[in-house]
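The values are calculated or read from the model by the stated rules, or taken from the named source; none is laboratory data. Given the structure is predicted, the values throughout are model-derived calculations rather than measurements. Cβ placement follows ideal geometry from the backbone for every residue including glycine, while neighbour counts extend to all protein chains displayed. Heads up: the accessible areas ignore ligands, DNA and RNA and are worked out on the full protein's heavy atoms, side chains in. Shrake-Rupley method; radii C 1.70, N 1.55, O 1.52, S 1.80 Å.
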Amino acid sequence: MKKILIVGGGTAGLMSALIIKNIFPKIQIDIVKSDNIGIIGVGEGSTEHMNEFMLFCNISVKEIIKETGATFKYGIMFDKWTKHPYFHNITSSVNHIRFGQYPAGYAYAVSNDLNPKEYTNGHCFINKVIPGDIPFQFHFNTFKLNDFLLKKCKDININIYNDDITKINTNRNNILSIESKNKKYNYDFYIDCTGFKKLLISKLNAKWNSYKEYLPMNEAIAFPTEDTEEYFPYTLSRAMSAGWMWRIPTQGRWGNGYVFNNKYINAEKAKQECEKYLGFKVNIAKNIKFEAGALEKAWIGNCVAIGLSSSFIEPLEASSIGTTIQQSFYLIHNLINYKQSDIDRYNERFTDIVENIRDFVVLHYMVNKKDSKFWKELKLKLPESLKQNLKKWKHRLPIAEDFAGGYKLFGPYSFAVLLKELNLLDKKSIKKEYEMLSKKHKDYTHKHMKKHAEYTYYNKNVLGHKETLKKIINEI
Ligand SMILES: Cc1cc2nc3c(=O)[nH]c(=O)nc-3n(C[C@H](O)[C@H](O)[C@H](O)COP(=O)(O)OP(=O)(O)OC[C@H]3O[C@@H](n4cnc5c(N)ncnc54)[C@H](O)[C@@H]3O)c2cc1C
């Protein structure tokens, strides 16, 4: 393996290039991207995998905050989905209150019917940040992130070409070369990061597994709004009449959008609904139609698809960039001496990743909302894997073992919050199990849950989000 060509210079192309080049500097990695086509220009929330990417590629928090307009993301605040807002946090200390795999913190929260303020990142409910306890996941301005990653690629000798690819030459399962009007590209291995176009992998007869029977959303509008005095330290996901709206703070402007089912609303009406909520006019910057799903095989022959070319579930839970990072990390373990068995295993893991996201996202829609035609008529079909897990999780909380296989984005704690807040657990069973714990275990859990609430919700030593960002930017 001497030369890899990545086609596509969006977030997926640049991140996968950086991950591979950082670990295998001797491999020549070139990127060809089209400035005529540009990038999708949405995707501004990350998961905690962003932190792993940054550590791997030697990117500091200060750089990300300074260069990409980044703000902190402690998680996602879900408003109007249930009776009161709930918070899917990812880095809460409650995750560590456990015995073996037994999630004692969550069992305590369920048994005592705790409000999300008391067992998730409580400071987010008062719009504050705890200094020194930043979450290592971010919101960023996608265009600034693109410029920053491009610079990082150039710094480590990744060559970037601006060219429009028009022809893919294949022999059954392999790419022989690709061509633009004026140039032929001949490499050992190809990565398809061409977004929804799937320019390369589609020529290798890749099959798309649609998830549209499970997931109701199929269109989105995105629009920026002006900077504000202060920022939420989270992504806001607000249920709307035919879907949900996101609000993401970035330094200089907010990124917003409405993801909807276009049988119930169109882009113009969606925009008007957002305007009514925000109290001012907005201009649609992007209107994107999509179909939730993933490739049956992301890796075929000498080509692997990463990013939107391989999968897209929907933006709820901001899982796409995290998938790119996980796919690239798994790829580097299989790349150099790959055989068909490695390709097969890669594709199995890839399916694990996307089905985990699919199931987690479907779970969010298991709400008891009846306040519009869309929500009234919503009849969810559950994937078999989720159905089986829900049976299991009715009487016991999820544990790590339920998510074996590595590389999945969402684990027991993410699911636990949703199961609790959506009333999908049999509280009596969870409480019965919790009550069976020894006094020592219960005392420990009680003490640490109280500490957690004091540290997050009742902590007086909190700062404004903007102030914290400023401090980090000005640090030497
Ligand atoms: C509404 C919406 C909201 C989203 N929100 C989030 C979020 O909050 N968090 C998250 O993680 N993800 C989110 N995503 C997904 C996110 O946008 C993508 O994961 C991310 O932008 C990476 O995209 P990409 O690089 O795969 O594709 P793109 O950005 O589309 O890049 C494709 C690249 O291929 C190049 N290209 C295409 N055709 C050719 C050609 N013929 N010749 C040469 N080059 C070519 C283009 O020029 C471009 O450089 C969202 C997606 C949507 C639709």
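Determine whether Asn22 is among the polar types (S, T, N, Q), open to solvent by 10 Å² or more (accessible area, probe 1.4 Å) and either free of Cβ contacts under 8 Å to residues at least 40 places away in the same chain or within 16 Å of the ligand (Cβ to nearest atom) (or both). Let's see the steps before the verdict.
Details: among the polar types (S, T, N, Q): yes; open to solvent by 10 Å² or more (accessible area, probe 1.4 Å): yes; either free of Cβ contacts under 8 Å to residues at least 40 places away in the same chain or within 16 Å of the ligand (Cβ to nearest atom) (or both): no.
Taking the combined requirement at face value, the residue does not satisfy it.
Scan region 81-134 for residues that are charged (D, E, K, R) and closer than 15 Å to Tyr444 by Cβ and the total you get is 1. Kindly establish whether Lys387 is of a type outside the set (A, V, I, L, M, F, W, C) and either open to solvent by less than 20 Å² (accessible area, probe 1.4 Å) or not in a loop (DSSP other than H, G, I, E, B) (or both). Yes; evaluated as a whole, the condition is true for this residue. Scanning region 312-326 for residues that are open to solvent by less than 10 Å² (accessible area, probe 1.4 Å), of a type outside the set (Val, Ile, Thr) and touching a Gly at 6+ places or on another chain (Cβ under 8 Å) yields a count of 0. Entry remark, region 50-88: residues being of a type outside the set (A, V, I, L, M, F, W, C), open to solvent by less than 10 Å² (accessible area, probe 1.4 Å), closer than 23 Å to Ile357 by Cα and within 14 Å of the ligand (Cβ to nearest atom) number 3 in total.
Comparison of Phe360, Phe374, Phe410 shows that the only residue that is in contact (Cβ under 8 Å) with a residue 12 or more places away in the chain, open to solvent by less than 20 Å² (accessible area, probe 1.4 Å), under 26 Å from Gln326 (Cβ atoms) and part of a helix (DSSP H, G or I) is Phe360. From the residues in region 188-218 that are surrounded by fewer than 17 Cβ atoms within 10 Å (Cβ to Cβ) and part of a loop (DSSP other than H, G, I, E, B), which one is nearest to the chain's Cα centre (by Cα)? Only one residue fits best here, namely Lys212. Listed by position, the helices (runs of 4 or more DSSP H) contained in region 89-166 that have at least 2 residues being surrounded by fewer than 16 Cβ atoms within 10 Å (Cβ to Cβ) are 142-155. Scanning region 302-311 for residues that are open to solvent by less than 10 Å² (accessible area, probe 1.4 Å) and either in contact with a Pro (Cβ under 8 Å, 6 or more places away or on another chain) or of a type in the set (A, V, I, L, M) (or both) gives Val304, Ala305, Ile306.
Name the single residue, out of those in region 264-301 being in contact (Cβ under 8 Å) with a residue 12 or more places away in the chain and of a type in the set (Asp, Glu), that is least open to solvent (accessible area, probe 1.4 Å). My answer is Glu273. Any residue in region 438-462 that is open to solvent by 90 Å² or more (accessible area, probe 1.4 Å) sitting within a Cβ distance under 9 Å of a residue that is β-branched (Val, Ile, Thr)? List the pairs, counting only those 6 or more apart or interchain. Partner pairs satisfying both residue conditions: Tyr444/Ile97; Tyr455/Ile130; Asn461/Ile130.
Does Asn36 satisfy the criteria of being within 10 Å of the ligand (Cβ to nearest atom) and either open to solvent by less than 20 Å² (accessible area, probe 1.4 Å) or farther than 28 Å from Lys442 by Cα (or both)? Outline the logic, then answer.
On the way: within 10 Å of the ligand (Cβ to nearest atom): yes; either open to solvent by less than 20 Å² (accessible area, probe 1.4 Å) or farther than 28 Å from Lys442 by Cα (or both): yes.
So Asn36 passes the test.
If I filter region 219-240 down to residues being open to solvent by less than 40 Å² (accessible area, probe 1.4 Å) and away from the ligand (no atom under 13 Å from the Cβ), which single residue comes out as nearest to Arg253 (Cα to Cα)? Once the filter is applied, the top-ranked residue is Thr225.
Listed residues Phe196, Phe189; which is within 16 Å of the ligand (Cβ to nearest atom), hydrophobic (A, V, I, L, M, F, W, C) and either on the phi < 0 side of the Ramachandran plot or free of Cβ contacts under 8 Å to residues at least 40 places away in the same chain (or both)?
Working: Phe189 fails: within 16 Å of the ligand (Cβ to nearest atom).
When all the criteria are applied, what remains is Phe196.
Just to be sure before I move on: is Asn169 touching a helix residue (DSSP H, G or I) at 6+ places or on another chain (Cβ under 7 Å), within 22 Å of Lys2 (Cβ to Cβ) and surrounded by fewer than 18 Cβ atoms within 10 Å (Cβ to Cβ) in the structure I sent?
On the way: touching a helix residue (DSSP H, G or I) at 6+ places or on another chain (Cβ under 7 Å): no; within 22 Å of Lys2 (Cβ to Cβ): yes; surrounded by fewer than 18 Cβ atoms within 10 Å (Cβ to Cβ): yes.
So Asn169 fails the test.
Screening Gly38 with (1) assigned to a loop (DSSP other than H, G, I, E, B); (2) within 23 Å of Leu409 (Cβ to Cβ) gives one miss only, at (2). Taking the criterion of being of a type in the set (A, V, I, L, M, F, W, C) and assigned to a loop (DSSP other than H, G, I, E, B), the residues of region 417-454 that qualify are Leu422, Leu424, Leu425, Met436, Leu437. When Ala12 is tested against (1) crowded, with 18+ Cβ neighbours inside 10 Å; (2) away from the ligand (no atom under 16 Å from the Cβ); (3) of a type in the set (Gly, Ala, Ser), only condition (2) is not met. When region 200-257 is filtered for residues that are farther than 22 Å from Gly464 by Cβ and acidic (Asp, Glu), the ones remaining, listed by number, are Glu213, Glu219.
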